[in-house]
Amino acid sequence: MNEHSIGGEILKVENISLSFGIMKVLDDISFDIKQGEIRSIIGPNGAGKSSMLNVINGFYHPQEGSITFKGETRKQMAPHVAASHGIARTFQNIALFKGMSTLDNIMTGRNLKMKTNLFWQALHIGPARAEELENREAAEKIIDFLDIQAIRKKPVGKLPYGLQKRVELGRALAAEPELLLLDEPMAGMNSEEKEDMCRFVLDVNAEFGTTIALIEHDMSVVMDLSDRVLVLDYGKQLADGLPDKVRNNQDVIDAYLGIPHEQA
Amino acid sequence: MDQKYQETTLDTFPKLLQSHVKLRPGEDANREKALGIWQSWSWADAAIEIRALACGLADLGLKRGEKLAIIGDNRPRLYWSMTAAQALGAVPVPLYQDAVADEMAYVLDNADVKFALVEDQEQVDKMLEIRDRCPTLEHIIFDDTRGLRHYEQDFLHDYEKIQQAGAEFDHDHPDFYEQEVAAGSGNEISIMLYTSGTTGHPKGVMLSNDNVIITARNGIIREGLTSKEEVLAYLPMAWVGDNLFSYAQSYVAGFCVSCPEDATTIASDLREIGPTYYFAPPRVYENMLTQVMIRMEDAAKIKRYIFSYFMEHARKVGVKILNREPVSLKDSLLYKLGNILVYGPLKDVLGLRRTRLAYTAGEAIGPEIFDFYRSLGINIKQLYGQTECMVFICVQPDGEVFADTVGTPAIDVEIKIDDNGEIMYRSPGVFQSYYKNPESTASTKTEDGWVHTGDAGYFDDNNGHLKIIDRAKDVGKLNDGTLFAPKYIENKLKFFSFVKEAVVYGNERDFSTAFINIDLDAVGNWAERRNMAYSGYIDLAGQDEVYQLIKDCIDKVNQDLSQDSRLGNSQIRRFLILHKELDADDGELTRTRKVRRNFVGDRYEILVDALYSDRSQCHVETQVTFEDGRTGMLEADIKIWDAAIYPVNSMTRDAAA
């Protein structure tokens, strides 16, 4: 599998339940993510995968259960707190600033790294200038890393879908996260774009040591990339373990083939 | 002319480097964009880099006469590795970086390459894949470490580690580098370049230091180039032209060579560097013009009006002004106004504002494309060259530039036309031999140094310029005995912006036929403006409106051909639009994007047969290769249309003139 080193627990989710009214979206989910691993969450449509990510980064507040991130246990966490603690994410439906350039979008990912106030930034002198240079360099390193030099100054709204996904990954990386949540980064891509994206996910993990939680539908991608796989189905935890073990689990096969439910 | 060009002791590149360190240590030798900012290295900096690398390579075991393969995009480090190899008397062998592993295996094996210096993980992976087939390959050195941290093979080396080891080696053997450089001479092999191979396997052309340096110097003298030129190195390093323009001439004249940030950023890098000396194959000029025209079509009405008004004026007087011919004061003033409003900004966008000299070669260029650039005041000229003589055979002199000739012989070049109409030449740049291929050497180069070009042509009676019609072996005959020059017809077709590639058949047939590749950008834009819906290339290529559009182009070519009594009967009777773009990965084009006519003919035999039947449609299944080397199938029903045929003008052109 992957040649990186996997450390101790970075995130632990215990007995999470989340409902919207009578609709139970997540039902008693418990799992952990270890430092440096690529952890996938899979499941049929409506299984609660994106909800799980939203819980982790504090966008949804579960009714029950607790989340422990880097040793700190809490029931609820506001998204900006999650971000400042080192959790960054991308979205299933791209959420970039369409009118802004690639570079500017990535620079917004540096927002939490900026310490000087608006006054200094507006004057662009002294510490604000030094900080801007430092952040620009960090952004340029990401541009180089993702091989998107050619679109540095293009408005992202005009870019093809695959490239927008890459820019979104760039913005998440700009925050230098310890835990990166990727919500279907390969959805809607052709096989070549998928391969590129896989390469970037592996490189991010290997070069920066970033822990990655990945939601993905493409089974071959999941099985190749992941260290461990969590399977959800209708809000319930179906299986959890090494890719090979999960692949051969009868419940998982049934869920995907649609035997218990009519939905594939 | 500058005194320093005359020095004869500077007969190798490392010696030239040493002289630049003395003459202009602080001037820029190389530039490259990193993290969005242009970084530069002076001649003194470059010399330090090269010395450390050369010592490191020597430490690793690279010896005089051995081969170092260089594979990657244009980067200062890869150019330095050429000089480093030459400093040791080793021979650099640059390879086309986008070639698939199998193609590389042939060259590496054929050239007995011992060391390979490659750009990144992509190339390292290719090397690892083919290592078993290249028994001589001992060490692989990579420049970009990204993604390679888990590669632990002991024959893989980081470029910087090699330089560090080199610095230590240099410290322990302080005289080594100078002694090695001093041991180099003009008749040693400087570089080995593999010809793209329109037929058969590529051949390794061995060029000596004298071949390269004297030819580069002659080119510089003829055009009056100086150490102040700006050049952007963006064409493949394995191509002879890049080696001449971005390496040899830079070392001889002492000008700075800039490398683009990335293959995808060339257009903006070109604009930022603003080269004064520029080479591009015709298709690059065509693409630029197509882009300009597409953008103008979408511009506001007032802008379109100003653009077309001043472009019309430029067409009238621009070329005359460039040729320093007299024009009326009014025209001259109007041209100056146009320069402020249109020509200047346009040249700026294209990155050609400072360009004093632009060359093109390789394929014929359309007259209106040629005139477009010249009317803007860009001195674009054609040259005629080959790998076998380090490029220069003919160059168009300033003020004597015609779209259909390639100019007069370059300095020290002798040209003759043999009895079969084939062009032959002799020059100081003529290669030593093909590597390990005495038969090909003997059939190409005569005892007394004349080289067969394989091109058919003649000297134009009016201006004494060389005119090339086609490859000598491609010139054939129709069944009725009419001369059939496929390339000549294909070029006429390709002058239309809608036609990307054309492949014409007709040798030993009753009439000519054509495969057409449409230009997706140009035809796509044309279709959009007509509100035609299409889902992709195949769909667009099969539409009747597009067939009509292409038929109009072919009709015009036929009309043109009918004016020529010799070629008039080879008008195109039937044609089809191919369902896929011809691609080098499928072997249909060479790596330099020349059509391999016979290969295409064999591959689509069913289509050729259909063209010579009375069918109006043909079903075809084609295997295609994706960029990652995997294959898939493509199916399509292809329509076949007839073109209009015009009566041949029996009066010869000469008689008319």
TODO: Kindly provide the set of residues from the range B:611-644 that are among the basic types (Lys, Arg) and modelled with pLDDT of 85 or more, ordered by number.
DONE: B:ARG615, B:LYS639
- [ ] Hey, could you check the range A:2-35 for residues that are in contact with a helix residue (DSSP H, G or I) (Cβ under 8 Å, 6 or more places away or on another chain) and within 14 Å of chain B (Cβ to nearest Cβ) and say which is nearest to A:VAL252 (Cα to Cα)?
- [x] A:ASN2
Task: Criterion: without any contact (Cβ under 8 Å) to a residue 40 or more places away in the chain, crowded, with 19+ Cβ neighbours inside 10 Å and either outside any loop (DSSP other than H, G, I, E, B) or assigned by TED's automatic domain parsing to the domain that holds B:ARG51 (or both) - qualifying residue of B:LEU148, B:LEU78, B:LEU128, B:LEU108 - done: B:LEU108
Open item on the list: Please go through the range B:132-142 and give me each residue that is in contact (Cβ under 8 Å) with a residue 24 or more places away in the chain and either within 14 Å of another protein chain (Cβ to nearest Cβ) or not in a loop (DSSP other than H, G, I, E, B) (or both), ordered by number.
Closed with: B:ARG133, B:HIS139, B:ILE140, B:ILE141, B:PHE142
Task: Yes/no for B:GLY200 being out of contact with any Phe, Trp or Tyr (no Cβ under 6 Å at 6 or more places or on another chain), surrounded by fewer than 21 Cβ atoms within 10 Å (Cβ to Cβ), at positive phi and outside any helix (DSSP H, G or I) - done: yes
Task: Checklist (1) closer than 19 Å to B:VAL648 by Cα; (2) surrounded by 20 or more Cβ atoms within 10 Å (Cβ to Cβ) applied to B:SER562, failing item - done: (2)
- [ ] Hey, could you check the range B:265-279 for residues that are over 17 Å from the mean Cα position of the chain (by Cα) and within 14 Å of chain A (Cβ to nearest Cβ) and say which is farthest from B:VAL349 (Cα to Cα)?
- [x] B:THR265
Task: Selection status of B:ALA216, away from chain A (no Cβ under 14 Å), hydrophobic (A, V, I, L, M, F, W, C) and either out of contact with any Cys (no Cβ under 7 Å at 6 or more places or on another chain) or surrounded by 22 or more Cβ atoms within 10 Å (Cβ to Cβ) (or both) - done: yes
Open item on the list: Can you pull out every residue in the range B:269-303 that is assigned to a loop (DSSP other than H, G, I, E, B), of a type in the set (A, V, I, L, M) and loosely packed, with under 15 Cβ neighbours inside 10 Å?
Closed with: B:ALA299, B:ALA300
Task: From the options B:GLU27, B:GLU49, B:GLU32, residue that is within 14 Å of another protein chain (Cβ to nearest Cβ) and either out of contact with any Pro (no Cβ under 6 Å at 6 or more places or on another chain) or not basic (Lys, Arg) (or both) - done: B:GLU32
TODO: Output the residues belonging to the range B:16-44 that are over 30 Å from A:LEU133 (Cβ atoms) and either touching a residue at least 12 places away in the same chain (Cβ under 8 Å) or under 28 Å from the mean Cα position of the chain (by Cα) (or both).
DONE: B:LEU16, B:LEU17, B:GLN18, B:SER19, B:HIS20, B:VAL21, B:LEU23, B:ARG24
Open item on the list: Suppose we keep only residues that are acidic (Asp, Glu) and more than 18 Å from A:SER226 (Cβ to Cβ) within the range A:186-195. Which one would you say is farthest from the other protein chains (Cβ to nearest Cβ)?
Closed with: A:GLU193
- [ ] Take B:GLU388 and decide whether it is surrounded by 22 or more Cβ atoms within 10 Å (Cβ to Cβ), part of a helix (DSSP H, G or I), touching a residue at least 60 places away in the same chain (Cβ under 8 Å) and not basic (Lys, Arg).
- [x] yes
Open item on the list: If the requirement is being under 20 Å from B:SER81 (Cα atoms), free of Cβ contacts under 8 Å to residues at least 60 places away in the same chain and either assigned by TED's automatic domain parsing to the domain that holds B:ASP412 or not in a helix (DSSP H, G or I) (or both), which of these qualifies: B:VAL205, B:VAL231, B:VAL257?
Closed with: B:VAL231
Open item on the list: B:ASP298 - would you say it is within 29 Å of B:TYR96 (Cα to Cα), of a type in the set (D, E, K, R) and out of contact with any Pro (no Cβ under 7 Å at 6 or more places or on another chain)?
Closed with: no
Open item on the list: Please list, ordered by residue number, the helices (runs of 4 or more DSSP H) wholly in the range A:144-256 having 2 or more residues that are not assigned by TED's automatic domain parsing to the domain that holds A:LEU11.
Closed with: A:161-174
TODO: Find the residue count for the range B:620-636, including only residues that are out of contact with any Leu (no Cβ under 7 Å at 6 or more places or on another chain), of a type outside the set (Gly, Ala, Ser), surrounded by 11 or more Cβ atoms within 10 Å (Cβ to Cβ) and away from chain A (no Cβ under 14 Å).
DONE: 1
Open item on the list: Quick check on my filter: what residues within the range B:178-202 are touching a strand residue (DSSP E or B) at 6+ places or on another chain (Cβ under 7 Å), within 26 Å of B:ARG51 (Cβ to Cβ) and in contact (Cβ under 8 Å) with a residue 60 or more places away in the chain?
Closed with: B:GLY186, B:GLU188, B:ILE189, B:SER190, B:ILE191, B:MET192, B:LEU193
- [ ] Those residues that are among the small types (Gly, Ala, Ser) and either in contact with a strand residue (DSSP E or B) (Cβ under 9 Å, 6 or more places away or on another chain) or in a strand (DSSP E or B) (or both), I need them from the range B:393-410; list them, please.
- [x] B:ALA403, B:GLY407, B:ALA410
Task: Residue identified as among the β-branched types (Val, Ile, Thr) and in a helix (DSSP H, G or I) among B:ILE365, B:ILE378, B:ILE306 - done: B:ILE306
Task: Residue among A:ASN111, A:ASN45 that is within 25 Å of A:LYS236 (Cα to Cα) and at pLDDT below 90 - done: A:ASN45
Task: Residues of the range A:112-170 satisfying the condition of being within 14 Å of chain B (Cβ to nearest Cβ), polar (S, T, N, Q) and closer than 22 Å to A:LEU214 by Cα - done: none
- [ ] Would you confirm whether any residue within the range A:67-83 is crowded, with 21+ Cβ neighbours inside 10 Å, touching a strand residue (DSSP E or B) at 6+ places or on another chain (Cβ under 9 Å), in contact (Cβ under 8 Å) with a residue 60 or more places away in the chain and assigned to a loop (DSSP other than H, G, I, E, B)?
- [x] no
Task: One residue from B:ILE554, B:ILE489, B:ILE516, B:ILE550 being assigned to a strand (DSSP E or B) and either touching a strand residue (DSSP E or B) at 6+ places or on another chain (Cβ under 7 Å) or of a type outside the set (S, T, N, Q) (or both) - done: B:ILE516
Task: Residue among B:ALA165, B:ALA85 that alone is modelled with pLDDT of 95 or more, more than 30 Å from A:GLU195 (Cα to Cα) and in contact with a Gly (Cβ under 8 Å, 6 or more places away or on another chain) - done: B:ALA165
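The values are calculated or read from the model by the stated rules, or taken from the named source; none is laboratory data. Note that the coordinates shown come from a computational prediction; the quantities given were computed from them, not determined experimentally. All Cβ positions, even for glycine, are placed from backbone atoms using ideal geometry, and neighbour counts span all protein chains on display.
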